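Chemist: Okay, handing you the structure first.
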């Protein structure tokens, strides 16, 4: 049985996680939200309405630009950063936004975690495919009741932070079998992979993946091992060869995120760390390869067990 049998369309309302506030504060938030929508509407108008100058120019000299204008994307970032509820810094947000801009805002963008930045990611990638995965079924249903602009699915995680070291050790023993780095996880029995997602997610060639969930702050929470492992497999198993996938891991300074990223995304693929955000660029793999990274650079299982509580 899949975690989601049909498409669930939802919208992440910027104030869904905000505590109750006074009336003036509510009005200010509404004004910011209206300003946000106005900017995005203006961006769509500019991108979809060709000018007379463009229509009169020859095809040899004219380049039709239907990207999100930089002032608009900058404004979206500014108002997200100005919101006290954002849990990313301006440097982290801009790092992700710059990669989306390099794809002309038309990438296949997969995000683990519904956060206050969700609507920003959807807006910036307005010409692409953006899908969110979250472990909170209630939250997904709540957003579904509000609107229909965001595509999100609830995910059932079977891992726990307290089991991380043992699960990594298990995965290493299955690299040539169920936990191969190059495979379609839909047909896998790997215990650390997400094998119960909606079928179409496995068929998409993901350009950008952001891991900002699930929760991983205590031993009983799911942790991000499965999300990071799955991102590593998705990046290496694209149908299109010789292409790269940008994988961002938020809270990379936590032990679990750091160790799992080293295990499945590889330190040699780490191109940048900005504040608490790791940026990896992973190339398409080979079906004959049975290792994620250079095994000589990986810590031992006993070392992992002592580091990850």
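The values are calculated or read from the model by the stated rules, or taken from the named source; none is laboratory data. Being a predicted model, the structure only gives us computed values, none of them experimental. Note that each Cβ is placed from the backbone with ideal geometry, even for glycine, and that neighbours are counted across all protein chains shown.
Chemist: What's the number of the only condition in (1) over 21 Å from residue 280 (Cα atoms); (2) crowded, with 17+ Cβ neighbours inside 10 Å; (3) out of contact with any strand residue (DSSP E or B) (no Cβ under 7 Å at 6 or more places or on another chain) that residue 216 fails to meet?
Modeler: Exception for residue 216: condition (1).
Chemist: Kindly establish whether residue 250 is closer than 18 Å to residue 155 by Cβ, buried (at least 23 other Cβ atoms within 10 Å of the Cβ), under 15 Å from the mean Cα position of the chain (by Cα) and in contact (Cβ under 8 Å) with a residue 40 or more places away in the chain.
Modeler: Judged against the criteria, residue 250 is a match.
Chemist: OK, next. Of all residues in the range 256-308, how many are at pLDDT below 95 and closer than 20 Å to residue 212 by Cα?
Modeler: Of the residues in the range 256-308, 1 are at pLDDT below 95 and closer than 20 Å to residue 212 by Cα.
Chemist: What about residue 277, is it within 15 Å of the chain's Cα centre (by Cα) and over 19 Å from residue 106 (Cα atoms)?
Modeler: Against the criterion (within 15 Å of the chain's Cα centre (by Cα) and over 19 Å from residue 106 (Cα atoms)), residue 277 qualifies.
Chemist: Is it the case that the range 179-193 has a residue that's assigned to a loop (DSSP other than H, G, I, E, B) and closer than 22 Å to residue 114 by Cα?
Modeler: So far as the range 179-193 goes, yes, one or more of its residues are assigned to a loop (DSSP other than H, G, I, E, B) and closer than 22 Å to residue 114 by Cα.
Chemist: Considering 133, 197, 185, which residue is within 17 Å of residue 247 (Cα to Cα) and at pLDDT 95 or above?
Modeler: So the residue among 133, 197, 185 that is within 17 Å of residue 247 (Cα to Cα) and at pLDDT 95 or above is 133.
Chemist: Also, quick follow-up: If residue 242 meets every condition in (1) at negative phi; (2) over 18 Å from the mean Cα position of the chain (by Cα); (3) in a loop (DSSP other than H, G, I, E, B) apart from one, which number is that one?
Modeler: Status for residue 242: all satisfied but (1).
Chemist: Of the residues that make up the range 162-175, is at least one in contact with a strand residue (DSSP E or B) (Cβ under 8 Å, 6 or more places away or on another chain), surrounded by fewer than 23 Cβ atoms within 10 Å (Cβ to Cβ) and in a loop (DSSP other than H, G, I, E, B)?
Modeler: So far as the range 162-175 goes, no, none of its residues is in contact with a strand residue (DSSP E or B) (Cβ under 8 Å, 6 or more places away or on another chain), surrounded by fewer than 23 Cβ atoms within 10 Å (Cβ to Cβ) and in a loop (DSSP other than H, G, I, E, B).
Chemist: Looking at the range 164-207 only, could you name the residues that are without any contact (Cβ under 8 Å) to a residue 12 or more places away in the chain and more than 18 Å from the chain's Cα centre (by Cα)?
Modeler: Correct list: 173, 177, 187, 188, 189.
Chemist: Since residue 202 meets every condition but one in (1) buried (at least 18 other Cβ atoms within 10 Å of the Cβ); (2) closer than 27 Å to residue 255 by Cβ, which condition does it not meet?
Modeler: (2)
Chemist: When you scan the range 261-273, how many residues do you find that are assigned to a helix (DSSP H, G or I) and in contact with a strand residue (DSSP E or B) (Cβ under 8 Å, 6 or more places away or on another chain)?
Modeler: 2
Chemist: Still on this model: Do we find that residue 258 is under 22 Å from residue 170 (Cβ atoms) and free of Cβ contacts under 8 Å to residues at least 24 places away in the same chain in this structure?
Modeler: yes
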